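The values are calculated or read from the model by the stated rules, or taken from the named source; none is laboratory data. In this text the structure is predicted, and so the values were computed from the model without any measurement. With ideal geometry, Cβ positions are generated from the backbone for all residues, glycine too; neighbour counts draw on all protein chains shown. Note: accessible area is taken over every heavy atom of the protein model, side chains too, but ligands, DNA and RNA are not part of it. Shrake-Rupley method; radii C 1.70, N 1.55, O 1.52, S 1.80 Å.
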4 protein chains.
Amino acid sequence: MISFRNDYSEGACPEIIEALVESNMTQHVGYGEDECCFAAKKAIKEVLEYEDCDIHFLVGGTQANLTVISSILRPYEAVIAVDSGHINVHETGSIEATGHKVVIADGNDGKLSVEGIRKAVKKHEDEHMVKPAMIYISNATEIGTIYHKEELQALRDVCDELGLYLFMDGARLGAALTAEDNDVEFDDLCKYCDVFYIGGTKNGALFGEAVVIVNDDLKKNFRYMIKQRGGMLAKGWLLGTQFQVLFEQGLYLPSAKHANELAQKMQSEMKKLGVSFFIETTTNQIFPILDNQLIEKLQKDYAFQVWEEMDEHTTAMRFVTSWATKQEDVDAFLADFTKLVKG
Amino acid sequence: MISFRNDYSEGACPEIIEALVESNMTQHVGYGEDECCFAAKKAIKEVLEYEDCDIHFLVGGTQANLTVISSILRPYEAVIAVDSGHINVHETGSIEATGHKVVIADGNDGKLSVEGIRKAVKKHEDEHMVKPAMIYISNATEIGTIYHKEELQALRDVCDELGLYLFMDGARLGAALTAEDNDVEFDDLCKYCDVFYIGGTKNGALFGEAVVIVNDDLKKNFRYMIKQRGGMLAKGWLLGTQFQVLFEQGLYLPSAKHANELAQKMQSEMKKLGVSFFIETTTNQIFPILDNQLIEKLQKDYAFQVWEEMDEHTTAMRFVTSWATKQEDVDAFLADFTKLVKG
Amino acid sequence: MISFRNDYSEGACPEIIEALVESNMTQHVGYGEDECCFAAKKAIKEVLEYEDCDIHFLVGGTQANLTVISSILRPYEAVIAVDSGHINVHETGSIEATGHKVVIADGNDGKLSVEGIRKAVKKHEDEHMVKPAMIYISNATEIGTIYHKEELQALRDVCDELGLYLFMDGARLGAALTAEDNDVEFDDLCKYCDVFYIGGTKNGALFGEAVVIVNDDLKKNFRYMIKQRGGMLAKGWLLGTQFQVLFEQGLYLPSAKHANELAQKMQSEMKKLGVSFFIETTTNQIFPILDNQLIEKLQKDYAFQVWEEMDEHTTAMRFVTSWATKQEDVDAFLADFTKLVKG
Amino acid sequence: MISFRNDYSEGACPEIIEALVESNMTQHVGYGEDECCFAAKKAIKEVLEYEDCDIHFLVGGTQANLTVISSILRPYEAVIAVDSGHINVHETGSIEATGHKVVIADGNDGKLSVEGIRKAVKKHEDEHMVKPAMIYISNATEIGTIYHKEELQALRDVCDELGLYLFMDGARLGAALTAEDNDVEFDDLCKYCDVFYIGGTKNGALFGEAVVIVNDDLKKNFRYMIKQRGGMLAKGWLLGTQFQVLFEQGLYLPSAKHANELAQKMQSEMKKLGVSFFIETTTNQIFPILDNQLIEKLQKDYAFQVWEEMDEHTTAMRFVTSWATKQEDVDAFLADFTKLVKG
């Protein structure tokens, strides 16, 4: 069975494993105040070309989202997201559990739109309603689409105008930054975002998300928040080491590029075979709409995920690749797929 | 510099590292629903000699404490702990952040007493006060002491009588179960506790705590709680693999025993040299009261923690050993210590 | 200036004022454990023809909603409501502030539909999403529509099938029960609802909502919840006295009927004049779509609320009547209105 | 049966009742944005001799405490109080329910001490602990004692030094300001406090606490907090009217003085009869230690509260007077008491 179920099915890049093995018996200071974390932060700041930010390493995405958002909002403030936003659907109400409403706004292709934000803010006009105070976007989005520079600038502008913070969930930031049609680079991020994170879990690390706080107003006492929410890893250097390897050795973008290329190969080959798509992406997630009988046959050898029933006979499925996906597995899949379709 | 600062300064047992390396490129199902987790649960249940419990693997102790406690209590209910309890002092109000008061009760030597519990419950008599609904103990305690069978039975009895759940934080459970004066075994735990956890972070693992839910009433939908609180590790098999190694290979207790023996060696040698102790323990934490000048000299080569100022001239310090502490480092320390004391 | 802005612009029915004046210097037990509260509960139970329920008096609607909902849900559970539900829009995220998501479901005319509930539940399928555990409806709804017996039975059935609690916000229950097309009576409510409340604030009292808990599972320790959420009135007999008067003297339904009749008079007269409506109701709120110039002229002498812009030239407005609205004020308004429309 | 059980056993001053009756059918704007509220605020500001503060009227004390405190603190911040503080014991964990720890500090006679604050702050030194950010005091305290100018100034100074806000619960502020040994006046309060409230419930009103926010940093969006926590009264003018009467007609302090005098009369007469006290006060609460047999006899005709068991034979009781307590009832009690004691 070969899995295209998600981008967290394997462990970590060999370089990371090597570094962890090597430093295993070295004594470190706890709670992320060690040399590995410091080095990793330095390496990330260099890539961001931005010195004046705070970086914190957290274990996972939900943890990062809830810690960042609850750190920023006052009790009556809310965060704006699109309906399909990870915090809205797939985190078991973790934001609400910290006391805050997720306000849904309109968007396109999984992306929040300026008009959506304006409308959402306008509807919340007085103290009988929550007060939107930040926007949450993810790049790449839940459905594999990406934000372009122009879009990010427009979001930044409307945030400035309306007094909102801009928070970017970068669980799949690598996939976004290495997409064929992408025009955003690492050194743009601190211009657009008040806070964002660089996802490690889905791009080469065993686990770990690097939260980057750009806006000075949001920096204070963030370590208290991490600890309170249960996110302060005792052996924090495990996070530091992983990001150190990814960024000092320049592995982050190539790992993501590898994943994108294999997924895009699958998408283009399927298209050639006449498959239509729930949405066409340029990243490591693709969403072909397949005949249910075909799906059943494919499932004997390949694992992938149901995305949405389209009608009685067809279903949109999600295939995901990662830094660890093997070219030969993609080739084998495409050969089998072609055989079954042409069958 | 040799560190006796804590028991989470190094990585993991070589056997764990080996297993992680070996399975690094194997594809696993996410979120803890993989074969490694299943095997680890099986191995733990065998050691507990108790089949009918639910086991969940979480990354850290604060996360385990807040997830368990907030899963059990209704909004107006409170958890009883001793003043020095980890949840009361060292978790940045994580329990309160989930909405619940920690009610302080009397105890002895860091341990909760039956009288303390009775008094605390009695004081909370009506709806103008929180309602105590569970007790929190840690074994070993914050100050390295342990609960004996008789004490656990007495706590169980008073909990049954007063309608309280018994939750044991086992971040240092290994240290407790291998202490020289201990009479509690793994297969006793399910008799005494409604829920407890077996600490991996401080005893051989990179990270990880195995939460064991014994009481049927507390089992339902616990995975929702883990996800909501940000504790559901995407690559959950990393936790499973570690506990599988610890319990299938019988490493858990020996790792703890090693730590205890080295700390106890330090304690007994210091005693011979006339040192008095803040509290005498039988586990891997010791608390000598040292002259401040001596401390300063020791700190040139050794790291350890200030525990409490005793007077102008002396301070209680904490020295901690772990599964990873080397006999030769303890020997070196004791040689230097003896030299400095004898002057 | 005559106000049709809302149904809480005046004080209380003369009978209530009289009772409060009369008992002003009588000494009462505090916190709602007084004879007036007991008598009021007895009177309400008689009207409900249901003995086996618990009744609690709270000061206001938001307070009642948040106390009831947070009392019932476990941390990861959510409440289902329509988009226009009061708890979703107009309570400043009070439900989320207690940790729970409000899941939006489809409905018609401000009312939750069975299909909407099914769809919402189906979408929340595992522990990565919140778990819907109750539905919230209000009767009358935010836009003045009411639930009929058949609809309530259908909601009850789907709740039983899917394991959901049914909570009815009755801030405007009087308006619903006395609407011309209503077929629900007080003695039906305990059959359909697990918990509901009978609104006093908008129907004759100075303030006060009587929460009725029907389902035994939801009764335990509710007074703890009231106290914790800040809703336990020291002089609780003020609430008891008011509900005692309303129900012992049979004032509740007539007060609401009065309000309905005047609003309906306004609606039918406007219709005769060719006015169209945002929605046609049978209760004390009406929503005429008026020309903006007409609105401006009316506002010189009458206060009422903007509901929704329809287009450049017209706006849906809300007019509300209450137990206190005077026939002569309605007559005066209609005369002026007619004059202005006929020009 | 005559009750000395508490200071909220009766309704409101006749002047307040009169005003409520008079304005009963007047139409008001809702939610506290009416003329009565504006007038009341003006009257209070005059008495405070401080224009630049925000005033909000809430229904009750627990509501005021939880709304103020949760408005001010960031998630990891805590409030310091003495062990006997109302928020610590008698509000069912309402502060914790908003996510914040109440840190207990040492004090004397129910009053927080500067040393207690220093010690509490010193103990909370890093991100593994909550961060104390405000102090909570009540004046008069839970046990009827009061703060003098010198004490308030010392608290203010230590707050400024340590970066803490000072919040004064004034549920019994009247009793404090009219105590014989008091040297604090209304126009001092804004100098000492960042925020405080003036209690109406226990001093002449049916209900109501006037929250005064002095510190600019704490003013923003407070109405959002009130609404979210369920404290925004629809008919807000009921609160405005009551405070308007109390302050425009100068009833606040005289009402409290009346209560103090009667309680002090009881205390001094009891002392003459050889009674000892749990604590001697100068306000409207007194705490005689009485023989259990005597208590039993008194309870036939008088209601009062058990405070604390002293030994097998004696118990400290609490007697409370209010603006509504009648001289003749105190006289009757003292006559009976004397007879019983003298036997």
In region A:77-110, what residues drop by 50 Å² or more in accessible surface going from the chain by itself to the full protein assembly, probe 1.4 Å? A:HIS90, A:THR92, A:GLU96, A:ALA97, A:LYS101
Rg/Rg_ref, region D:237-343, where Rg_ref = 2.2 N^0.38 Å and atoms are Cα: 1.23
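For chain B, build the convex hull from the C-alpha positions and give me its volume per residue in Å³. The partial results should precede the final answer.
Values: hull volume 46.6 nm³, N = 343.
Spelled out: Cα convex hull of chain B, divided by residues, is 136 Å³.
Could you please state how large a percent of the accessible area of chain A is carbon and sulfur, counting protein chains only and using a 1.4 Å probe? The partial results should precede the final answer.
Working: 5760 of 12390 Å².
Ligands and nucleic acids excluded, carbon and sulfur give 46 percent.
Expressed as cubic angstrom per residue, what is the convex hull volume of the alpha carbon set of the protein assembly as shown? It would help to have the intermediate numbers written out before the result.
On the way: hull volume 251.1 nm³, N = 1372.
That works out to 183 Å³ per residue.
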Would you grab the residues whose amide H sits under 5 Å from the one on C:TYR165? Only those 5+ places off in sequence or on another chain, please, with H modelled 1.01 Å from N. C:MET134, C:ILE135
Hey, got the Cα dimensions of region B:1-42 along the principal axes, in Å, largest first? 41, 21, 17
If you plug each phi of region C:306-312 into the Karplus form 6.51 cos²θ - 1.76 cosθ + 1.60 with θ = phi - 60°, what whole-Hz ³J(HN,Hα) values come out, in order, with x for Gly and Pro? 5, 9, 7, 5, 9, 8, 4
Taking the axis of the rotation relating chain D to chain A, the D residue whose Cβ comes closest, together with that distance in whole Å, is D:GLY99, 3
Label position 7 Å from Cα toward Cβ: report the copy-to-copy distances for B:GLU35 in nm, one decimal, ordered from shortest. 4.0, 7.7, 8.1
Other protein chain Cβ atoms within 10 Å, averaged over every residue that makes up B:59-65: 5
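Calculate for chain A the 222 nm mean residue ellipticity that helices alone would give, adding -39,500 (n - 2.57) per DSSP H run of length 4 or more and normalising by residue count, nearest 500 deg cm²/dmol. Walk me through the numbers before you get to the answer.
Numbers: 14 runs with 139 residues, N = 343.
Taking each H run of at least 4 residues, the total per residue is -12000 deg cm²/dmol.
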Residue-ordered couplings for region D:123-137, obtained by feeding phi - 60° into the Karplus form 6.51 cos²θ - 1.76 cosθ + 1.60 and rounding to whole Hz (Gly and Pro as x), are 5, 9, 9, 8, 6, 8, 10, 4, 10, x, 10, 7, 10, 10, 10
Check the straight Cα-Cα distances from A:LYS219 and name the aspartates and glutamates below 12 Å, setting aside those fewer than 8 residues away within the same chain. A:ASP52, A:ASP54, A:ASP194
So how far apart, in nm, are the two label points at B:ASP52 and A:ALA335 if each is 7 Å from Cα heading toward Cβ? 5.3 nm
Quote the accessible area belonging to A:CYS53 in square angstrom, nearest 10, computed with a 1.4 Å probe and with ligands, DNA and RNA left uncounted. 0 Å²
If you average the C-alpha positions of region A:19-81 and of region B:36-112 separately, how far apart do those two centres end up, in angstrom? 26 Å
Of all DSSP beta bridges in region D:46-184, what percent run antiparallel (nearest 5)? 15 percent
Copy-to-copy spacing for D:ASN221, label 7 Å out on the Cα-to-C-beta vector, in nm, shortest first? 1.7, 3.0, 3.2
The answer for chain B, accessible area per residue at 1.4 Å probe in Å², is 36 Å²
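Calculate how large, on average over all directions, the projected area of the Cα convex hull of region C:107-263 is; give the answer in nm² to one decimal.
Values: hull surface 42.5 nm².
Taking a quarter of the hull surface, the average projection is 10.6 nm².
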Hey, how many Å between the Cα centroid of region D:254-321 and the Cα centroid of region C:315-335? 56 Å
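Please identify the GluC sites (Glu not before Pro) of region B:96-129 that satisfy two criteria: DSSP loop assignment and at most 16 other Cβ atoms within 10 Å. Which are they?
Values: sites: B:GLU96, B:GLU115, B:GLU125, B:GLU127; in loops: B:GLU125, B:GLU127.
Taking region B:96-129 and a limit of 16 other Cβ atoms within 10 Å, the loop GluC sites (Glu not before Pro) found are B:GLU125.
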Quick one: Karplus J couplings for region D:214-230, per residue in order, coefficients 6.51, -1.76, 1.60, θ = phi - 60°, nearest Hz, x for Gly and Pro? 8, 6, 3, 4, 9, 7, 4, 6, 4, 5, 4, 4, 4, 5, 4, 7, x
Note down the relative contact order for chain C as a percent, whole number, built from C-alpha pairs under 8 angstrom at least six residues apart. 24 percent
Pull up the DSSP beta bridges for the protein assembly as shown and report the antiparallel fraction as a percent, rounded to 5. 60 percent
Shortest first and in nm to one decimal, what separations exist between D:VAL21 and its copies in the other chains, measuring from label points 7 Å along the Cα-to-beta-carbon line? 0.3, 9.1, 9.1
Which of the GluC sites (Glu not before Pro) found in region A:136-219 are loop residues per DSSP with 12 or fewer other Cβ atoms within 10 Å of their Cβ? A:GLU180
DSSP-defined beta bridges in region A:14-248 - what % are antiparallel, rounded to 5: 45 percent
B plus D alone minus the pair: what accessible area, both sides summed, probe 1.4 Å, in Å² to 100? 1400 Å²
List the chymotrypsin sites (Phe, Trp or Tyr not before Pro) within region A:1-79 that fall in a DSSP loop (any state other than H, G, I, E or B) and whose Cβ has at most 13 other Cβ atoms within 10 Å. none
